[in-house]
Amino acid sequence: MKGQFLSITALFVLLSLMSLKAQPYVYFVGNAPIGGYSFGYLNLATCENCVDFVLSNSQVPAPISDVVPLPNGQLLLYGQNNISIIQPPDPTPIVSFTPPNGSTTNGAVLTPSGTIYYATITFDTGNNAYTTCLNEYDPATNSNTVIGCAENLFLGDFFFWEGTLYAFGTNGQIPPNSFELYSLTLGNPLLANSEITYDDAFCGNGIAAIPGIGIFTGNFIENCGSGFINGIFDFDLDNNSLTFECDISPWGFPYGLSEIPPSFPPPPDECVCPTAVGGITSTDTILCAGETLELTFSGGNFDPEDVVNFILFSDLADTLGSVLITNPTPSFSFSDPPLAEGVLYYTAAVAGDALPDGSIDLSDPCLDISNVISVIWNLTPSVTFAVANPDLCAGTCLDLEVTLEGTPPFNLQGEIISNGTVVGTFDESYDVNNGNLEICAPAGVAVGSLSVQATALDDAFCECF
């Protein structure tokens, strides 16, 4: 369960962005292209995000619900049943442990002393209610201490504000009948004092509280149901108001959000680009002249300005400089000029910012080109016959010279015709492009000319006739 607070219908107010002009960065973990997680910085003054690095699902020890930057440059990754620390961008956990007292909730906070506060939850079936225990994890010693527990409470997102520790949560009942902002007094039992009561559940992802600046959270869902409001919000605790500040596109909502310690590294000079075009799952293809190439494409991740096109080009060393055809759909017809038989071409998908005419801005710094597959439209096979001396007596034979165009091996079938009547057939195979064909005049055939014609021809790839 996420932190729950604020009614969108009653408590939204419009705040000026002027106070954000000197805003520092917050750190987030969110969606990544084709699954996984992106980690990065959001500039609250400009609403520009900078993805620092990306991890696939297989590179993290457990599904991530929050991230906490540590003063030494490491990141604490916070999941449902695992806490780990990594040195970005290396995904290998420096330390990893399973928290006590049940599964962790979606939230953690860096304390002024450099330790981590987080909650663990247990469920009392007899009471039909949750109990929250506040834990302190010390990354320097990899040790955990249970500070205290509060019965009949479900606490999630934590943040410090003006020296007080706060948490959003519920009274712990199933289903909950109250949604609260609590101030916490440490001890055992843990004392949770209700500061604000909300009529509706309002779930958010992560809290970043920056002293003297503001309290920020991400991706709210009214009533904890459908209808994501994708972005970063400013929560004014004194006035109990919520204001949309920044869009977190292009990679989607943050799973977690956190303030950045002063000694934490600044954003990188080069951000990871959001565009991931996806891939062509077709294999290298050989077609016959006249056939259409149909590609199978699996799309990736795009920002709102992106468009995908498919290109056919001639030079692997100069992909964009040798494009011959561009299509919005993954198909290419041989009839599209200037294609030629027997020439090796290449195809790929390209994604980038769209120009007004729907084409792609090839100067887009985040332009992404997919894997490449090759295609050849083969020559249509053909055959010619020649003979040095065409004279042939009845009942005798001679050799025709056979010249074949195409890719061996060949299968050639044909007929021998006399005065409009088929008097013989042939069915021959050739492993090379030149050969002989023995033609015999049947006994009793009328004097005159014999015609030899091919009725079927195929090579290694194509058929003719």
Across segment 433-452, the tally of residues that are under 16 Å from Val383 (Cα atoms) and exposed (fewer than 10 other Cβ atoms within 10 Å of the Cβ) stands at 1
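Tell me the residue from Leu155, Leu191, Leu184, Leu165 that is surrounded by fewer than 17 Cβ atoms within 10 Å (Cβ to Cβ), under 19 Å from Leu134 (Cβ atoms), at pLDDT 80 or above and assigned by TED's automatic domain parsing to the domain that holds Ser65, please.
Details: Leu155 fails: surrounded by fewer than 17 Cβ atoms within 10 Å (Cβ to Cβ); Leu184 fails: surrounded by fewer than 17 Cβ atoms within 10 Å (Cβ to Cβ); Leu165 fails: surrounded by fewer than 17 Cβ atoms within 10 Å (Cβ to Cβ).
Just one listed residue meets the conditions, Leu191.
Please enumerate the residues belonging to segment 194-212 that are surrounded by 17 or more Cβ atoms within 10 Å (Cβ to Cβ) and at pLDDT 90 or above.
Filtering segment 194-212 down to residues surrounded by 17 or more Cβ atoms within 10 Å (Cβ to Cβ) leaves 198, 201-210.
Those that are surrounded by 17 or more Cβ atoms within 10 Å (Cβ to Cβ) and at pLDDT 90 or above: Ala208, Ala209, Ile210.
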Within segment 344-354, restricting to residues that are surrounded by 13 or more Cβ atoms within 10 Å (Cβ to Cβ) and without any contact (Cβ under 8 Å) to a residue 40 or more places away in the chain, the one that is nearest to Leu316 (Cα to Cα) is Tyr346
Considering segment 374-391, residues that are of a type in the set (S, T, N, Q) and not in a strand (DSSP E or B), and then whichever is farthest from the chain's Cα centre (by Cα), we arrive at Asn389
Here the residues within segment 446-465 that are among the aliphatic types (A, V, I, L, M) and either at pLDDT 85 or above or touching a strand residue (DSSP E or B) at 6+ places or on another chain (Cβ under 8 Å) (or both) are Ala446, Leu450, Val452, Ala454, Ala456, Leu457, Ala460
Within segment 60-88, the count of residues that are free of Cβ contacts under 8 Å to residues at least 40 places away in the same chain and under 22 Å from the mean Cα position of the chain (by Cα) comes to 5
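Listed here are the residues, each with its yes/no results for (1) assigned by TED's automatic domain parsing to the domain that holds Ile311; (2) in a strand (DSSP E or B); (3) in contact with a helix residue (DSSP H, G or I) (Cβ under 9 Å, 6 or more places away or on another chain); (4) buried (at least 17 other Cβ atoms within 10 Å of the Cβ).
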| position | (1), (2), (3), (4) |
| --- | --- |
| Cys366 | yes, no, no, yes |
| Asn371 | yes, no, no, no |
| Cys393 | no, no, no, no |
| Leu398 | no, yes, no, yes |
| Pro408 | no, no, no, no |
Next on the checklist: Regarding segment 24-45, can at least one residue be identified that is at pLDDT below 90, hydroxyl-bearing (Ser, Thr, Tyr) and loosely packed, with under 14 Cβ neighbours inside 10 Å?
Outcome noted: no
Quiz item: Would segment 131-154 turn up any residue that is free of Cβ contacts under 8 Å to residues at least 40 places away in the same chain, of a type in the set (Ser, Thr, Tyr), more than 23 Å from Gly30 (Cα to Cα) and not in a strand (DSSP E or B)?
Solution: yes
Among (1) at pLDDT below 85; (2) among the aliphatic types (A, V, I, L, M); (3) touching a Ser or Thr at 6+ places or on another chain (Cβ under 6 Å), Ala62 falls short only on (3)
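The values are calculated or read from the model by the stated rules, or taken from the named source; none is laboratory data. All values reported here derive from a predicted model rather than from experimental measurement. For neighbour counting, all protein chains shown are included, and Cβ atoms are generated from backbone atoms with ideal geometry for every residue, glycine included.
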